[in-house]
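**Q** Got a structure for you, questions after.
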Amino acid sequence: MDNLNISSNHILLKSVAEELRLPLVQISRLSESKNDDKQTIIGNLKIIESSADLALQLLESYIFGLDYNDGQKQIELSPITMGAVFNDVAHQVHKIANQNNCDIELEIKNTHPIMGNYEAIKLAFINIANSILVSTDTNEIKERRSMTLSVFSKGPKNFAGIYTNNLNITRSSWERSLLMFEKSRQKMPNFSANNCSGFYVAHNILETMSSTLIPSKHNGMRGLAADFKLSHQMQLV
Amino acid sequence: MKKILFIEPDKVIARSIEQYFKQYFDLTITGSAKEAIFLADESTPDIVIMEIQLKNFNGIDFIHEFRSYTDWQNIPIIIYSIVPPSEFPQNKNFWKKMNIQHYLYKPNVKLKTLNVKIDELITANVS
């Protein structure tokens, strides 16, 4: 997967720019809506706020990844606990999850400290969560959903992933989307009508720490996960 | 009230469409092209307005299927899409062949303008 060069910045920028059309159109169209009902107006304002927040998070994360992938900045790795990162991610995405009809579950098992960059990992997983939340909350799905943020260790690595029961991403569809990244507007048509730029921005950020985003299965759910090397220094402590 | 079938996968845009148009038209909104076929079968719409970029079933496939039914060949279809029409340069003849009345690019076309286009189509069909 290393040779799949989605970090070619202009390609990713185009994808992010295309993705940002949607929240801007959402804000523009909602501001046109005609109604005098106070509750509906308050609801619309909340949606406008979350559309703007999602757009800003995607943009800021793209810029963060760009700085490190360009070699303008060197990413600093330090021993961190993924449980703490995922607590933070869960806290950050909670509001968007609620608005998108989804409950968040946090599952942290037998984890060890890893070598990573707290801010980078947090941003990467916030983008993954946001993309899943927005993409899976469509007109077709009426029932409330749940999303699990899971951290577990396996052998010499920690795995961190975000899983849902309606995430239709397989290893082959993910790899095909990376291969077709430059040519395809809708990267994963079986999963989303959007282009899911948040996944690729996350992929780019994780690459700066030599971590790889992969489709994964966990407790019967599908998701996207990344592996991280354990911090031997902290294990000794 | 004229019946309009909207195919719109995005919940927020669907909400704004519903709030804007519900006072003028008998609206049905779905995010699924497959469901749209069933809905059209249950209650034949006067106009179909659709996004071309959909999950699972792409908009072009929907148009092919919709137009394959004899009764629906003259129902006006407006494409209201986040995808710029310039991405389909080879499809100009296709839109004509499939009897697509307008291709409107969402970022540039507000609901007010969409409403004008719908009114024009209704007036043209009545006369």
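**Q** Provide the net charge surrounding A:Lys187, with neighbours chosen by a C-beta distance below 11 Å and charges set as Lys +1, Arg +1, Asp -1, Glu -1.
**A** Surrounding charge for A:Lys187 is 0.
**Q** Within segment B:22-61, find all residues whose amide N lies under 11 Å from a label point positioned 7 Å from the Cα of B:Tyr69 along Cα-to-beta-carbon.
**A** In segment B:22-61, the label zone of B:Tyr69 (backbone N under 11 Å from the point 7 Å along Cα→Cβ) covers B:35-45.
**Q** What percent do you get for the relative contact order of chain A when only Cα pairs under 8 Å and 6+ apart count?
**A** Over chain A, the number comes to 24 percent.
**Q** Another question, if that's okay. By how many degrees, between 0 and 90 and to the nearest 10, does the Cα long axis of helix A:197-207 differ from the longest principal axis of chain A?
**A** Between helix and principal axis, roughly 20 degrees.
**Q** Under the classification rounded if a/c is under 1.5, otherwise prolate if a/b is larger than b/c and oblate if not, where does segment A:57-214 fall, given a ≥ b ≥ c as square roots of the Cα gyration tensor eigenvalues?
**A** oblate
**Q** Let me ask something else. What net charge is computed for the residues neighbouring A:Val151, neighbours being all others with C-beta under 9 Å from the C-beta of A:Val151, Lys and Arg scored +1, Asp and Glu -1?
**A** Net local charge, A:Val151 excluded: 0.
**Q** Could you tell me, in Å, what Rg and Dmax come out for the Cα atoms of segment B:3-126?
**A** Considering segment B:3-126 through its Cα atoms, Rg and Dmax are 13.3, 38 Å.
**Q** Next question, about the same structure. For A:Lys187, list long-range residues whose amide hydrogen, built 1.01 Å from N in the peptide plane, is under 5 Å from its own amide hydrogen.
**A** Here the answer is none, since no amide H 5 or more places off falls under 5 Å of that of A:Lys187.
**Q** In whole Hz, what ³J(HN,Hα) sequence does segment A:149-158 give by Karplus (6.51, -1.76, 1.60; θ = phi - 60°), x for Gly and Pro?
**A** My calculation for segment A:149-158 gives 9, 10, 10, 8, 10, 8, x, x, 10, 9 Hz in order.
**Q** Quick check on the protein assembly as shown: helices-only [θ] at 222 nm, where DSSP H runs of length 4 and up contribute -39,500 (n - 2.57) each and the sum goes over total residues. Nearest 500, please.
**A** Dividing the helical sum by the residues of the protein assembly as shown leaves -15000 deg cm²/dmol.
**Q** Nearest 10 degrees is fine. How inclined is helix A:38-69 to the longest principal axis of chain A, computing both from alpha carbons?
**A** With both axes taken from Cα atoms, the answer is about 30 degrees.
Any read-out appearing in this document is the output of simple, stated calculations on the displayed coordinates, not a laboratory observation. Computed from a predicted model, the values in this text were never measured in an experiment. Every residue, glycine among them, receives a Cβ derived from its backbone with ideal geometry; neighbour counts consider all protein chains shown.
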